[in-house]
Amino acid sequence: MMGGSARAALVTGFPGRQLAVHLVRELCRDERLSIHCLVTESQRERALALVAQLPASAHSRISLLIGDPRALDLGLSGEEFRTLTERLGVIHHCACITDPAGTKEEGAGNVAATAEILELAESSPHLKRLVCWSSAIVSGNREGFVMEDDLSEAEGFRNPIEESLYKVELMVREAAEELPVVIIRPALLVGDSVTGEVEDLNGLYLLIRFLLSAPDDFRIPAPSRTGVRISAIPVDYAVKAGLQIATDDRSLGRTFHVVDPKPVTVQHALQLFAEATGKPLPKEHDPLNLATALLRAPGLQRFTHTTRAFLDHLRADVVYDDRNTRELLRGSRITCPPLDSYVDLMVEQARRGPGKATVTPRR
């Protein structure tokens, strides 16, 4: 496990990324750790509100640094930057946008932010770990079996975000010769498997929202490739698994797919969502395909770009190898809950809207 005297961690992407919010909650359980969150000015009030919800014992150990991960020296003053480098033992870089509906500008921001984080890491003499939270979608147009060490642009990318994550990982891999880096690639993230809390209602939630707004007797059409597998994971599992991996010395210089080891097919996911929303089971054959139905849905029409990006994700049949992850999680009791164990929470959260958990958050 990591040692050394530096007991401070920096988290980027807080509070804008669901992953970063859950990560801060987990990190604050370590009473020896000081946590610095890099927060943009526009997110200051929300960040303060989220910190206020944490256990009182953690408040004195969490500080907000107002800056911008894409800016020179992270938008910090020279003194703030120098002080931070002397304290840091761990950097959790979560600021990269992984939403496939992201823009070209956001993709460029991913690359710029990572360049600044690498400069910070190079300037931090006590750094024990730089954890880059990427995404499994970095595989782009690849289909079939994707290894954790695979990183290629040969098959191309479906959107600017996937391409930017490829560039980010290239940068981090090159830096691994000098820095203690770990790359974590979570699969498609959904809400907390215990509370249901979720940041936004995109991805698989688009299907649930569509079903909730449909007539009671509506039978959702199945897509043409019903056997495509969906490796969705709850954000709480992604964070716990990622932290367990990153604190293991065997993780240095390696990449890890944090995925569902038994991913469900699109057909099975549709069946689960239909049952949970009280709708008839999906049709096996229908002239109106799933893509057409979703894009025509009145409640989703303003999310056309997001919906198209999600449908692109459903068309690629990919199996993500996770042998590195299984190796480091072995014996930890950290396992991925199956979709059917939290699907009702997803539906309830879709009814309520994003943000608030459906049950009391864990302390």
Quick one: helix 160-175 against the long Cα principal axis of the chain, what's the angle to the nearest 10°, folded into 0 to 90? 30
Can you show me the helix-derived [θ] at 222 nm for the chain, built from DSSP H runs with n ≥ 4 at -39,500 (n - 2.57) apiece and divided by the number of residues, rounded to the nearest 500. -11500 deg cm²/dmol
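Dipole of the chain, Cα-centred, from +1 at each Lys and Arg C-beta and -1 at each Asp and Glu C-beta, to the nearest 20 debye? List each step's numbers first, then the result.
On the way: 42 positive and 49 negative charges, 198 e Å.
Value, rounded to 20: 960 debye.
Using 0.36 nm per residue of separation minus the Cα-Cα distance, give me the extension gain between residue 218 and residue 45 in nm, one decimal.
Details: separation 173, 0.36 × 173 = 62.28 nm, distance 4.21 nm.
Using 0.36 nm per residue and subtracting the Cα-Cα distance, I get 58.1 nm.
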Where the centre of each part is set by its Cα atoms, how far does the stretch 28-100 sit from the stretch 320-348, in angstrom? 28
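When you have a sec, figure out the Kirkwood radius of the stretch 8-186 from all distinct Cα pair distances and drop it here in Å to one decimal?
16.6
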Fraction of alpha-carbon pairs in the chain farther than 38 Å apart, rounded to whole percent, equals 15
Between helix 235-246 and the chain, what is the angle of the helix's C-alpha long axis to the longest principal axis, kept within 0 to 90° and rounded to the nearest 10? 40
Using alpha-carbon coordinates, inclination of helix 78-87 to the longest axis of the chain, degrees: 90
Subtracting the Cα-Cα distance from 0.36 nm times the residue separation, let me have the gained length for residue 53 to residue 323 in nm, one decimal. 93.5 nm
Theoretical gain in end-to-end length, residue 80 to residue 178 [0.36 nm per residue, Cα-Cα removed]: 32.9 nm
Ordering of 326-334, 114-122, 64-72 by burial proxy (mean other Cβ atoms within 10 Å per residue, highest first): 114-122, 64-72, 326-334
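Computed from the coordinates by the stated procedures, all read-outs in this text should not be read as laboratory data. Worth saying up front: this structure is predicted, and the values here are computed from it rather than measured. Neighbour counts are summed over all protein chains in view; Cβ atoms, including those assigned to glycine, are modelled from backbone coordinates with ideal geometry.
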